[in-house]
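Just below is one structure, and these are the notes that go with it.
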Amino acid sequence: MKLLLIHQNFPGQLRHIAEHLKGRPDIDLLAVGRDSAPGLAGVKLLRYRPHRGPHRHTHPYLHSYEDAVLHGQAVLRALQPLQQRGYRPDAILAHPGWGETLFLKDLFPAARLIHYSEYYYHGQGADADFDPEFPLSLDGAARLRARNALHLLNLEHADHSVTPTHWQHSLHPAAYRPKVQIQHEGIRCGQLGPDPTATLTL
């Protein structure tokens, strides 16, 4: 099986899957990450870099979307030479939050695209406008709404999506929730746990 893992900051949330699969003879594993991604020992990493940033004259509501298009274009250009040499992933598992997978269905139409759908923005009731000290302006709410254009496209062209919690699942539009499965990321209990020597003095 050819599996393509994509995360701007690879390995990011894909670390545990990559660790589990690397070195398996039945898995042809390739990762894609930005030129600044730390990478993971034992996993081949194809690095990309957008050829420019968003233009300063781009409408502020569209700034993050133009940035996503530039990321998607850079990943497309990085993978196209492999595709031309016959590379065809069976599945693509990706965090699409920076736009990396926007055009991959055009390059690899037969691949199953699985997205890590981490978040869908809301002007109220989530991570904005909850603190009276920092009220969200109408302009800020409009910017958040426009920012979801990328996430709607990600939900639309993915074959399947996963998200870590019921709350994150509830933030996605109702029409797409059946495509999004809740998969908790897990907790490394061997590394994260109570400290028996900890004390608290009041």
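The values are calculated or read from the model by the stated rules, or taken from the named source; none is laboratory data. Since we're looking at a predicted model, the values are computed, not measured. Only protein heavy atoms, including side chains, enter the accessible area calculation; ligands, DNA and RNA are left aside. Shrake-Rupley method; radii C 1.70, N 1.55, O 1.52, S 1.80 Å.
Of note:
- Estimated 222 nm signal from helices in the chain, with DSSP H stretches of n ≥ 4 weighted -39500 (n - 2.57), rounded to 500: -9000 deg cm²/dmol
- Cα-only Debye scattering, the range 1-114: base-10 log of I(q)/I(0) at q = 0.14, 0.23 Å⁻¹: -0.55, -1.33
- Asp90 - accessible surface, heavy atoms, 1.4 Å probe, Å² rounded to 10: 80 Å²
- Cα gyration tensor shape of the range 87-202, rounded if a/c is under 1.5, else prolate or oblate by comparing a/b with b/c: oblate
- Solvent-accessible surface of protein heavy atoms, probed at 1.4 angstrom with all chains present, puts Arg143, Arg85 in the order Arg85, Arg143, largest first.
- Rounded, prolate or oblate (a/c below 1.5 giving rounded, otherwise prolate when a/b exceeds b/c) for the chain by Cα gyration tensor: oblate
- Computed in the context of the full set of protein chains, the accessible area of the range 35-156 at 1.4 Å probe radius has 54% of its extent on carbon or sulfur.
- Set of aspartates and glutamates with alpha-carbon distance to Lys44 below 14 Å, sequence-local pairs under 8 removed: Glu19, Asp28, Asp35
- Net lengthening on full extension, Arg88/Arg15 (0.36 nm per residue, minus Cα-Cα): 24.0 nm
- The 1.4 Å probe gives accessible areas that order His57, His71, largest first, as His57, His71.
- Bridgeable aspartates and glutamates around Lys105 (alpha carbons under 17 Å apart, same-chain partners fewer than 8 residues away excluded): Asp90, Glu156, Asp159.
- Reciprocal mean inverse distance between Cα atoms of the range 1-49 - Kirkwood radius, Å: 10.5 Å
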